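Following: one structure in structure tokens, then a few remarks.
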Amino acid sequence: MNIAELLSRGGVWYNVPGKTATDFLEALVSAIWIPAGVRKEELWQACARREASSPTAMGRGLAFPHPGSPMVETEDDAMVALAYPRFPVDWRAPDGVPVQAVFLILSASRNDHLTTLSALAKLCGQDDFFQALSREATLEELLASFPAL
């Protein structure tokens, strides 16, 4: 599964409220489409538990929240939803920078999760993609900023 497909499935969400990571995640999960078989309340609680154990902010204003274990059955249900907070969120990032772009990851296995996380981290390290995130780019703009696939 490639990142373009996962992002297309999860979509891009704007102006998501929340002053804390937990509040933000609750608002995001309640707004987005999620695959059949996944209950929004369970997803939000799983992500909140994961954040409580170790924040998923990576620095540079980015966070990669996810449930602590896979919640979708198949790769066809996997997704990455990108959300831009209404206001930057203090996510307890290692560099202290408030989060301005959040990638909610749902994977079918731990291996798929690690592969997705690695691909996202590499993509966010690309100047064009990171600049697009900084401008709150649309899905189409983000996909156009991908390095040659």
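Observations on the structure shown:
- Take each peptide in 50-56, 79-85, count the other Cβ atoms within 10 Å of every residue, and average; sorted highest first, the result is 79-85, 50-56.
- Charge tally in the Cβ shell below 13 Å around Thr74, where Lys, Arg are +1 and Asp, Glu are -1, Thr74 excluded: -4
- Spin-label model distance (nm) - Ser109 vs Val97, 7 Å beyond Cα toward Cβ: 3.4 nm
- With the simple model of a label 7 Å out from the Cα in the direction of the Cβ, Glu73 to Arg86 spans 3.6 nm.
- Coupling constants for segment 29-34 follow from the phi torsions by the Karplus curve (6.51 cos²θ - 1.76 cosθ + 1.60, θ = phi - 60°), and in residue order they are 4, 6, 8, 7, 7, 10 Hz; glycine and proline get x.
- Antiparallel bridges, percent of DSSP beta bridges restricted to the chain (to nearest 5): 55 percent
- Separation between Cα centres of segment 107-149 and segment 24-81, rounded to whole Å: 17 Å
- Each residue of segment 128-140 was assigned a 3J(HN,Hα) from its phi angle through the Karplus expression (A = 6.51, B = -1.76, C = 1.60, θ = phi - 60°), giving 4, 5, 4, 5, 4, 4, 4, 8, 6, 5, 6, 4, 4 Hz with x at Gly and Pro.
Taken together, the values in this text are just the output of simple stated rules run on the coordinates, not laboratory data. The structure displayed is predicted, hence computed values, not measured ones. Here the Cβ is made from the backbone with ideal geometry for all residues, glycine too, and neighbour counts use every protein chain on show.
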